[in-house]
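One structure below.
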Amino acid sequence: MSDSENITRTHLPKGRSLWRDGLRRLRKRKFAMVCFVVVLIYFSLAAFIYLAEFFDWRIGPTLWAEQVGPSYAPPSSVNYLGTDIFGQSVCRKTLYGTKISITVALCASFISIAIGVPLGAIAGYFRGVVDEIIVWIYSTLSSIPYILLILAFAVVLRDKTIFGYKITGITAVYLAIGLTSWVGICRLIRGEVIKHKGREYILAAISYGCSERRIIFKHLIPNVFHLIIIDFSLRFVAFIHAEVILSFLGLGEADRPSWGAMINDARIELSRGVWWQMAAATAAIFFISLALNIFGDALRDSLDPKLRIQ
Amino acid sequence: MTSYIIRRLLYTIPIVFGVLLLTFVLFTLVGGDISIEIAGKGATQETIEEIREEYGLNKPLFLAWDSQFINHFKSALTFDFGRARDREPIIGKIKRGVGPSLALTVPMFFGIVIISVSLALVVASVRGSIWDILAVFICVAGMSIPYLSFILFGQYFLAYKWGLFPVFFSPDLTMAQYVALPVLIGIAAGLGGNLRFYRTVMLDEMRSDYVRTAFAKGLDTKRVLFKHVLKNAMVPIITRVVLAIPFLFLGSLLLERFFGIPGLGYLMIEAISSRDYFVINAMTYISAILFVVFNLITDICYSLVDPRISLE
């Protein structure tokens, strides 16, 4: 009997991929799935507001600027969450704030992944001088306190014209967050790529004569991609909180409502006993953060059981 | 050992250079000429020229001995950052702010560490039980509440409504009086994340062989936790503590702003609202230097304490 026959006769069970295995484990965690639904609701709300603005639908969140009642009306059956100083509905403003927060956190994530992942992979794959330069860059960035770095970027980038494009409002916010928070993911990917580099599948790819670009982007990055997802499901929360702080400090969106701006308004309101704007913004931030935190932890446990919760 | 310290010292040079390069790119190249902004609306051309002269904004950017690039390095290395918008030397402002900032952050930080490490030990001793799950859930919930809400609600209820603490800083209050409430709020806000971190550290330790041995010898949980686990968990705890120390000098941006404490965080907020790049630049540089120095100290201490860490 030749070898080839032997192979065809042996019945191999179909292998399960990392993703399928992870998702199967994730689906068993009911509470994590509930949290995932909450996150989805926030995302669809943001997407819906974009749609509504694009088609100019006249619905609640897009009409946030409308005066619906007297100034500082407490929550009632007409205005569920009361009104602010201009008589605008707090409920509408909170819903609209979802769009700003999700947009900032998503754009910041994309920017930091787009910078951090390729840099980390290149540093880990090529080592040598390239590695040292990239490590130098991120060591420099990480020696400056994170909040200070974001603030410095946000202050400088705000209202600047770069390549003929004026950076305003939330663009400055997500640029500042994105440009400063790629260090963590870069470090993670670099370490992981160094580990993977000696494995058989990479050696096989090299012996096939694959180009370096192909090896990095088609072989290495897909194999460490679950780490990126895990990292960002948790980092997303930090981005949302950073946006709140930046908006609060007046570095965010100026003329549209955001959660940070609402909390800033509440500073003066609280002493008058007007708590609803503060409570609405806090609750909005709290639920998405809680859902993302729990879901992110569950995702990490399911996709990468070796990683520990920090 | 000496050669290790020297090598480690040399390694800080590129980092400091990198920080200076970054601040130069950020504040001089991207930030650009802000003399018109400093002069204010309706300023004459002469005033603007004077301001440009004072801040050296009329000098060439590169490629000259007296260029802005060289001066940026010179001012940073001699810690002479010029004057802020209100004509006061920046370094004087920073020196004045360090005291109140440290008075706020040091008790807050050590409060958080002590409380969360002791709670982590308790939680670790009941690991896997309903109490453990509940504790983790409360931690995550605490981490999900925005920092600003902690501050605002704390200030509103504890100080304004119930009058337990002064609402705002005033010069006639003693330091303990005006710092008490911000410290409490800071501890409450920071507890969630820290407790969860230390719990993980403790649980990691509890999986080790020496813990199993200790239990096998018949020691009770309390003894194992305090005699064995806590001692071994000290390494990650100390790392976290030492690396957080440089950030203590910065004060707390938001707490200082809300309570009007005249520390470095407040200085930073003022600088942001008046777009005073020079102050932000100085703060960025000084905090980076502190971080580099403390990193160096930690590494050297490690090599002194733990012989397993190689000096190569």
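Taking a ≥ b ≥ c as the square roots of the Cα gyration tensor eigenvalues, with a/c under 1.5 meaning rounded and otherwise prolate when a/b beats b/c, else oblate, which class fits chain B?
oblate
Please state the relative contact order of chain A as a whole percent: Cα pairs under 8 Å, 6+ residues apart? It would help to have the intermediate numbers written out before the result.
Details: 390 pairs, mean separation 74.7, N = 310.
Taking the mean separation of contacting Cα pairs over the length of chain A, I get 24 percent.
Starting from the Cα of A:K30, draw a straight line to each of the aspartates and glutamates and keep only those under 15 Å, dropping any in the same chain fewer than 8 residues away.
A:D297, A:D301
Which of the helices in chain B meet the span-like rule: DSSP H, Cα axial reach of 20 Å or more, Kyte-Doolittle mean at least -1.0?
Result, helices passing both filters: B:2-24, B:90-125, B:130-144, B:175-206, B:230-249, B:277-305.
Give me the net charge for the shell around B:P262: Cβ to Cβ below 14 angstrom, other residues only, Lys and Arg +1, Asp and Glu -1.
Summing Lys/Arg as +1 and Asp/Glu as -1 gives -1.
Please give, to one decimal in nm, the separation of the simple spin-label points placed at A:L203 and B:S67, each 7 Å out from Cα toward the Cβ.
5.0
For region A:210-232 and region B:184-212, write down the distance between their C-alpha centroids in whole Å.
Going from one Cα centre to the other spans 32 Å.
In deg cm²/dmol and to the nearest 500, what is the mean residue ellipticity at 222 nm of chain B if only DSSP H runs of at least 4 residues count, each as -39500 (n - 2.57), divided by the residue total?
One gets -23000 deg cm²/dmol as the mean residue ellipticity at 222 nm.
Ranked highest first by the average count of other Cβ atoms within 10 Å around their residues, in what order do B:288-299, A:273-284 fall?
Packing proxy ranking, top to bottom: A:273-284, B:288-299.
So who's got an amide H within less than 5 Å of the one on A:Q88, skipping anything under 5 residues away but keeping other chains? H placed 1.01 Å off N, in plane.
Result for A:Q88 returns A:V68.
Taking A:K160 as the anchor, which lysines have their alpha carbon closer than 19 Å to its alpha carbon, excluding any fewer than eight residues away along the same chain?
B:K41
Run the quick spin-label model on B:Q177 and A:R272: label points 7 Å from Cα toward the beta carbon, then report their separation in nm to one decimal.
According to this spin-label approximation, the distance is 3.0 nm.
Setting aside same-chain residues fewer than 8 positions from B:K74, which lysines have a Cα under 18 Å from its Cα?
B:K59
So, in Å, what gap is there between the alpha-carbon centers of region A:258-306 and region B:254-274?
Each part's Cα centre sits 23 Å from the other's.
Assign unit charges at the C-beta atoms only (+1 for Lys and Arg, -1 for Asp and Glu), then state the dipole size of the protein assembly as shown relative to its Cα centre in Debye, rounded to the nearest 20.
2320
Among B:W131, B:M175, B:Q68, which residue has its Cα furthest toward the positive end of the charge dipole of chain B, with +1 on Lys/Arg Cβ and -1 on Asp/Glu Cβ?
Projecting each Cα onto the dipole axis, the largest value belongs to B:W131.
Is there a simple number for the mean count of other chain Cβ atoms within 10 Å of the Cβ of residues in B:18-24, and what is it?
Working: counts 8, 5, 1, 2, 8, 3, 0.
Per residue, the number of nearby Cβ atoms from other chains is 4 on average.
Could you work out the mean count of beta carbons from other protein chains within 10 Å of each residue's beta carbon in A:147-158?
Per-residue shielding by partner chains comes out at 6.
Nearest 500 deg cm²/dmol is fine: what mean residue ellipticity at 222 nm does chain A get from its DSSP H runs of n ≥ 4 alone, each adding -39,500 (n - 2.57), divided by its residue count?
-23000 deg cm²/dmol
Just want the ordering: B:I6, A:I113, B:I185, from fewest to most Cβ atoms lying within 10 Å of their own Cβ.
B:I6, A:I113, B:I185
Compute the distance from the alpha-carbon center of region B:46-86 to that of region A:87-138, in whole Å.
33
None of the figures in this text is laboratory data; all of them are computed from the coordinates on show. Nothing here was measured: the structure is a model prediction, and the numbers come from that model. Glycine also receives a Cβ, built like all others from the backbone with ideal geometry; neighbour counts cover every protein chain displayed.
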